[in-house]
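Enquirer: One structure follows; several queries about it will come next.
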Amino acid sequence: MAGSDRRRAVTVRLAGRRPGPRRVRSRTTPGGSAGIRRSGIRRWWRSIDWGRAGTVTAVVAALAGLLLTGVSTLYDALVSQGELEQAHEATDQETRAQALRVSYWTEFLTPFVKRIHVINSSSDPVTEADLLLSPAEAGPGHVLQLPVLAPCSETVVKEELWAERPGQGPPYAPGDRPSGVVRWMAFRDRDGLVWKRDRNGISRLADDWTVMRAGGGTGPLKITGVTEGTRGVLPVKQVPSCGNS
C-alpha cells in the first residue's frame with residue numbers, strides 16, 4: 001500500500017508539471033481600427049433617412065435662393081434710388097441754371113458814393129426784377145424795379161436814383177463795408193418761376209409772388225422804376241461771359 005501511494009503521489013506531481021494548454025492570443029483583423037470606423041460609417045450611412053435629408057437640402061437651397069434674391073433686390077433698389085436722386089439733382093440744377101446767373105453787387109466809388117450793378121449773364125431775358133434797398137441807404141420800403149433784364153446784360157444804377165442827394169447813406173470805410181446796399185432781389189425767370197437772391201444765396205418764391213404783397217415793413221412801398229435813359233441809369237452793357245450753364 002505504501003508503494004502504491006508513493007507512485008500515485010509521483011504521478012500527481014508529474015501531472016502538475018505538465019504544461020497546460022497555450023492561451024490563444026487575440027488577433028487583430030486586417031485594417032484594425034480603420035475597419036471599425038468604416039463599419040461605423042456604413043451603419044451611420046444606412047441609418048440616414050434620405051427622404052427627410054432631401055427635404056432639408058431643398059429647404060436650405062430655397063433659403064439660400066431667397067437670400068440671394070433679397071440681396072439682388074436690395075441692390076437693385078439702392079441703384080434705382082441713386083439714379084432717381086441723380087435725376088432729381090440734375091432736374092434741380094437745370095431749373096436753377098438761369099437763376100444762378102442773375103445777381104447784383106454794390107460798387108463803392110468813395111466811402112459815400114455807391115452804384116448798384118444788376119447782372120443777367122444768361123442767354124434769356126429776366127422780368128419783374130425788384131431790389132429792396134437798405135433803410136439806412138434809401139429809407140424804409142424803397143424798391144428799385146427793373147421791368148426787364150436783357151440777355152447777357154449789366155444795368156448800373158447810380159446813387160442819385162434812390163437818394164435825394166449823393167452820399168445820403170452812411171459812409172463805409174474801405175475795410176468795413178457791409179454786404180451792399182441791396183437787402184434782397186426778386187425776379188421771374190424764363191419759365192415764369194420766381195426767385196429770391198440775398199446774402200444767403202438763391203431760393204424759390206411762390207409763382208404768384210409780387211413785391212407789393214411782400215412789402216417793406218409796416219409802411220407802404222416806394223417803388224422807383226429803372227429803365228435805360230432814366231436819370232441815374234447808365235447805358236446797359238454786355239457782360240463778357242454769357243450762357244445757361
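Enquirer: Given the conditions (1) closer than 26 Å to G229 by Cβ; (2) at pLDDT below 90; (3) open to solvent by 20 Å² or more (accessible area, probe 1.4 Å), report the number of the one that C152 does not fulfil.
Expert: (2)
Enquirer: Which of the residues spanning segment 100-115 are surrounded by 16 or more Cβ atoms within 10 Å (Cβ to Cβ), more than 14 Å from W184 (Cα to Cα) and touching a Lys or Arg at 6+ places or on another chain (Cβ under 8 Å)?
Expert: Of everything in segment 100-115, those that are surrounded by 16 or more Cβ atoms within 10 Å (Cβ to Cβ), more than 14 Å from W184 (Cα to Cα) and touching a Lys or Arg at 6+ places or on another chain (Cβ under 8 Å) turn out to be F108, R115.
Enquirer: Anything in segment 116-129 that is closer than 18 Å to R231 by Cα and buried (at least 22 other Cβ atoms within 10 Å of the Cβ)? List them, or say none.
Expert: Across segment 116-129, the qualifying residues are I116, V118.
Enquirer: Please list, ordered by first then second residue, the pairs with beta carbon atoms under 7 Å, 6 or more apart or interchain, first in segment 128-149 and of a type in the set (G, A, S), second in a strand (DSSP E or B) and open to solvent by less than 10 Å² (accessible area, probe 1.4 Å).
Expert: A129/V118; A129/L146; A129/L149; A129/M185; A129/F187
Enquirer: Sort out which residues of segment 59-78 are of a type in the set (G, A, S) and modelled with pLDDT under 75, and write them in order of number.
Expert: Hits for segment 59-78 are G70, S72, A77.
Enquirer: Oh, and also: Quick one: is V143 among the hydrophobic types (A, V, I, L, M, F, W, C), farther than 18 Å from W209 by Cβ and in contact with a helix residue (DSSP H, G or I) (Cβ under 8 Å, 6 or more places away or on another chain)?
Expert: no
Enquirer: G82 fails exactly one of the following numbered conditions: (1) open to solvent by less than 100 Å² (accessible area, probe 1.4 Å); (2) part of a helix (DSSP H, G or I); (3) modelled with pLDDT under 70. What is the number of that condition?
Expert: Evaluating G82 over (1) open to solvent by less than 100 Å² (accessible area, probe 1.4 Å); (2) part of a helix (DSSP H, G or I); (3) modelled with pLDDT under 70 leaves (3) as the failure.
Enquirer: Sticking with this structure for a sec: Yes or no: segment 163-180 includes at least one residue that is open to solvent by less than 20 Å² (accessible area, probe 1.4 Å) and at pLDDT 85 or above.
Expert: no
Enquirer: Determine whether segment 49-58 contains at least one residue that is modelled with pLDDT under 70, of a type in the set (D, E), assigned to a helix (DSSP H, G or I) and open to solvent by 50 Å² or more (accessible area, probe 1.4 Å).
Expert: For segment 49-58, residues modelled with pLDDT under 70, of a type in the set (D, E), assigned to a helix (DSSP H, G or I) and open to solvent by 50 Å² or more (accessible area, probe 1.4 Å): absent.
The values are calculated or read from the model by the stated rules, or taken from the named source; none is laboratory data. All values derive from a computational prediction rather than experimental measurement. Positions of Cβ are backbone-derived with ideal geometry, glycine not excepted, and every protein chain shown enters the neighbour counts. Just the protein is used for accessible areas: all its heavy atoms, side chains included, with ligands, DNA and RNA removed. Shrake-Rupley method; radii C 1.70, N 1.55, O 1.52, S 1.80 Å.
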